[in-house]
Amino acid sequence: MTRFETLALTAVCMIQLFLLSSCGAPEQVSYLQDLQRGVPLEVQQPQHLTLKPGDRLRITVFSRDRELSALFNLSGANNGNLASVGNGQQHLSYTVDPDGYVEIPTLGRVLVEGLTRLEVAERVKDKLIETQLLLDPTVIVDYAGLSFSVLGEVGRKGRIEIPTDQITILEALALAGDLTIEGQRENVLVLRTENGVQNAYTIDLTKTESVYDSPVYYIQQNDLIYVEPNAKRRAQSDINATTFRTFSFWVSIPTLIVSLLSLITRFIPITPGN
């Protein structure tokens, strides 16, 4: 290697070290950064999902008299309540009407809006006993396809079915595959429709109080969670940023210079002393 090439290579190394040192420390991406280890954390009282108009649920009535209990269950002929689920399977379910009721065969209309699935089961059971239609009913209620949606910088976008009676924002994000490294953790947006109005809530996942005291700590059906990209991700999506303003672009320039100098020195002799 000639003296000229050595000087050029040294200059390139110094430029790269300068660029690396000029970059800030890696962005903190940890959740609940101010959480104190060993200190009990007060959390909100569990908030179970409650039914709203448009929700679907399955109600099954059992008793020792199977023929009699079958009168209170949906049949395949009532395909107005037939809902499709994954893998091409289908199940019978009720849809809560705009007034908050479901129509149960033989039993009639039952108000379910604002109730949990266990409360619905108890209400149907009580009504069966009060009307003396069944003396020993067992009622099982399950939600049918209640879900929330996730958009933005997460591993799994789209609608996600709620698997339990209650789900926190952290559990919801876990079901969505967690935030990507480019996700903005300080400003997660949750949109929720309440009384015909859509309200926006923000959560800072890096701060314990912001997470555990949030009105949307417990996610409800039809909530929409949006994780916006951080500054780095937004810069990458900018056409100009992906060329002249990115770190990798400027690091590649010295490498290109060295390659060009190597080619030049092969064809242009370097006089002694240069």
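Computed from the coordinates by the stated procedures, all read-outs in this text should not be read as laboratory data. Computed from a prediction, not measured in an experiment: that's the story for all the values here. With ideal geometry, Cβ positions are generated from the backbone for all residues, glycine too; neighbour counts draw on all protein chains shown.
Around Ala176, under 15 Å between beta carbons, what's the net of Lys plus Arg minus Asp minus Glu among the other residues?
Details: positive: Arg156, Lys157, Arg159, Arg185; negative: Glu153, Glu161, Glu171, Asp178, Glu182, Asp223, Glu228.
Summing Lys/Arg as +1 and Asp/Glu as -1 gives -3.
Put simply, the amide H of Val154, placed in the peptide plane, has neighbours under 5 Å in Thr180, leaving out anything fewer than 5 places away on its chain.
Phi-derived couplings, Karplus 6.51 cos²θ - 1.76 cosθ + 1.60 at θ = phi - 60°, listed residue by residue for the stretch 30-40: 6, 7, 6, 5, 9, 5, 8, 5, x, 9, x Hz, with x used for Gly and Pro.
Scan around Thr206 for amide H atoms under 5 Å from its own, H built in the peptide plane at 1.01 Å from N, and keep only partners 5 or more places away or cross-chain. For Thr206, whose amide H was placed from the backbone, the distant partners under 5 Å are Leu32.
From least to most packed, judged by other beta carbons within 10 angstrom and beginning with the fewest, Tyr218, Tyr201 follow the order Tyr201, Tyr218. Here the 3J(HN,Hα) profile of the stretch 119-131, calculated from phi with Karplus coefficients 6.51, -1.76 and 1.60 at θ = phi - 60°, is 5, 5, 4, 5, 5, 5, 4, 4, 5, 5, 6, 4, 7 Hz, Gly and Pro shown as x.
Converting phi to 3J(HN,Hα) with the Karplus coefficients 6.51, -1.76 and 1.60 and the offset θ = phi - 60°, the stretch 177-193 yields x, 6, 6, 6, 5, 8, x, 7, 7, 7, 8, 7, 9, 10, 9, 9, 8 Hz in sequence order, with x at every glycine or proline.
Of Arg123, Arg185, Arg37, Arg66, the sequence from fewest to most neighbouring Cβ atoms within 10 angstrom is Arg37, Arg66, Arg123, Arg185.
Between Thr193 and Asn199, the built amide H atoms are under 5 Å apart, and every one of these is 5 or more places off in sequence or on another chain.
So how much slack lies between Asn199 and Lys157, counting 0.36 nm per residue of separation and subtracting their Cα-Cα distance, in nm?
Details: separation 42, 0.36 × 42 = 15.12 nm, distance 2.11 nm.
That pair, Asn199 and Lys157, stretches by 13.0 nm at full extension.
Residue separation times 0.36 nm, minus the C-alpha to C-alpha distance between Glu103 and Leu41: what's the value?
Numbers: separation 62, 0.36 × 62 = 22.32 nm, distance 4.36 nm.
Between Glu103 and Leu41, full extension yields an extra 18.0 nm.
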